[in-house]
Amino acid sequence: MLIKKSVSIRSSEITPRDIYEQRRKFLKTSIHAGIGLATSGLLTTYSPGVFAGYGLKRLKHTKNSRFTVDDELTKYKDVTTYNNFYEFGTSKSSPAANAGKLTTEPWSIRVEGHVEKPASYHLEDLINENALEERIYRLRCVERWSMVIPWLGFPLAELIKKVKPTSKAKYVEFSTLYRPDEMKGQRRSVLDWPYVEGLRIDEAMNPLAFLAVGLYGEVLPNQNGAPIRLVVPWKYGFKSIKSIVKLRFTEQQPVSSWTRAAPNEYGFYSNVNPEVDHPRWSQSRERRIGDFFKRKTLMFNGYADEVAHLYKGMDLKKYF
Ligand SMILES: Nc1nc2c(c(=O)[nH]1)N[C@H]1C(S)=C(S)[C@@H](COP(=O)(O)O)O[C@H]1N2
Ligand SMILES: [Mo]
């Protein structure tokens, strides 16, 4: 019961800092000594300093090197304190300050629309805790900052196969929880709540599309979208919807919250594309959090080999 344990953590159960410091030193030493523990599949090494703030439940996982970029990781502290999660406020520090209020257990996901197995599923029944993998993906916000995050989770395609969409399902629409008493940002109509996102079904089935339940080896902090969020590494960050409670399989293209709010600025596809400017700013460069200098933004955020075929023949200026 991944989620049960993750939310019932009390401070007394938190791994003391000195223990994880020691564990990390041990890992580092063994790697330098060439013992090669990191290849066992269950151990992961991170560079020093990244665990400041560590304290949630550790999750067993294997590394998926096929879906791992070798860019330097963004510090845990930045990953968990510099966030966008408007349900908890619009500033980057609001989610870390306010998301602790969110109850993430029990959690269920309603699956509806053109699907053979519509139901409300307990989260535990959708997750195989023994098959979690770590993938290191870049996440790039439309605001021109980016991060490199070691996510834990499983392919979105696995969940989709389980619920068996029918041939009418051309898209999948995702919704976040609506609970204004715990999500104080929802008391203001900044966006049309609940937060909604969508993918074309072939995008959703692409092996890169990932459902994350953790990061840096631990369960997801609430501010990062606990207990389960999408990670679509070739699209702008807002497509990676957090704290998902519903999947609806549709024939029509869903209207996402950001498209509804500003259709000329945020299209359905929102693929990272240095050649297509946002109406108010260029998208050709980005600042990696932790870096001083900007760097060039890569087509599809660097994932062109895996996803360019999905958009063959499409005018990406029109379908932005
Ligand atoms: N429900 C919901 N999901 C969301 C958002 C949001 O405001 N609400 N913000 C999006 C945006 S704009 C970005 S950049 C990413 C940020 O993810 P992170 O805070 O884990 O880095 O989450 C996305 N998912
Ligand atoms: Mo974003």
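Okay, here's what the table says:
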item: Positions within the stretch 119-136 being surrounded by fewer than 16 Cβ atoms within 10 Å (Cβ to Cβ) and not in a helix (DSSP H, G or I), in sequence order; result: ALA119, SER120, HIS122, ASN128
item: Residue that is nearest to MET205 (Cα to Cα), among those in the stretch 165-175 that are under 23 Å from the mean Cα position of the chain (by Cα) and charged (D, E, K, R); result: LYS170
item: Residues (under 12 Å from THR176 (Cα atoms) and polar (S, T, N, Q)) located in the stretch 229-277; result: SER240, SER243, SER256, SER257
item: Hits in the stretch 99-127 (condition: under 22 Å from ARG200 (Cβ atoms) and touching an Asp or Glu at 6+ places or on another chain (Cβ under 7 Å)); result: HIS114, PRO118
item: Complete set of residues in the stretch 142-157 that are farther than 17 Å from GLY198 by Cα and either assigned to a loop (DSSP other than H, G, I, E, B) or more than 12 Å from ligand 1 (Cβ to nearest atom) (or both); result: GLU143, ARG144, PRO150, LEU152, GLY153, PHE154
item: Failed item in (1) polar (S, T, N, Q); (2) more than 16 Å from ligand 2 (Cβ to nearest atom); (3) more than 15 Å from the chain's Cα centre (by Cα), with ASN273 passing the rest; result: (2)
item: Subset of the stretch 238-271 (residues that are aromatic (Phe, Trp, Tyr) and within 13 Å of ligand 1 (Cβ to nearest atom)); result: PHE238, TRP258, TYR266
item: Members of the stretch 253-290 found to be without any contact (Cβ under 8 Å) to a residue 60 or more places away in the chain, closer than 25 Å to LEU159 by Cα and surrounded by fewer than 16 Cβ atoms within 10 Å (Cβ to Cβ), listed by number; result: VAL255
item: Of all residues in the stretch 76-106 being assigned to a loop (DSSP other than H, G, I, E, B), in contact with a Ser or Thr (Cβ under 9 Å, 6 or more places away or on another chain) and touching a residue at least 24 places away in the same chain (Cβ under 8 Å), the one that is nearest to ligand 2 (Cβ to nearest atom); result: ASN84
item: Matching residues, the stretch 239-252, being over 15 Å from ARG229 (Cβ atoms) and surrounded by 14 or more Cβ atoms within 10 Å (Cβ to Cβ); result: ARG248, PHE249, THR250
item: Selection within the stretch 152-181 - buried (at least 17 other Cβ atoms within 10 Å of the Cβ) and either within 16 Å of ligand 2 (Cβ to nearest atom) or not hydrophobic (A, V, I, L, M, F, W, C) (or both); result: GLY153, PRO155, PRO165, TYR171, GLU173, PHE174, SER175, THR176
item: Qualifying residue in the stretch 109-124 (condition: more than 14 Å from ligand 1 (Cβ to nearest atom) and in contact with a His (Cβ under 8 Å, 6 or more places away or on another chain)); result: no
item: Yes/no for ARG144 being within 16 Å of ligand 2 (Cβ to nearest atom) and out of contact with any helix residue (DSSP H, G or I) (no Cβ under 9 Å at 6 or more places or on another chain); result: yes
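A quick yes/no check of all residues on (1) among the small types (Gly, Ala, Ser); (2) within 14 Å of ligand 1 (Cβ to nearest atom); (3) touching an Asp or Glu at 6+ places or on another chain (Cβ under 6 Å); (4) modelled with pLDDT under 95:
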position: GLU203; (1), (2), (3), (4): no, no, no, no
position: PRO207; (1), (2), (3), (4): no, no, no, no
position: LEU215; (1), (2), (3), (4): no, yes, no, no
position: LEU220; (1), (2), (3), (4): no, yes, no, no
position: VAL231; (1), (2), (3), (4): no, yes, no, no
position: TYR236; (1), (2), (3), (4): no, yes, no, no
position: ASN273; (1), (2), (3), (4): no, no, no, no
position: PHE293; (1), (2), (3), (4): no, no, no, no
position: GLY302; (1), (2), (3), (4): yes, no, no, no
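The values are calculated or read from the model by the stated rules, or taken from the named source; none is laboratory data. These figures come from a predicted structure and were not determined experimentally. When we count neighbours, we look across all protein chains shown, and the Cβ atoms used for this are built from the backbone with ideal geometry, even at glycine.
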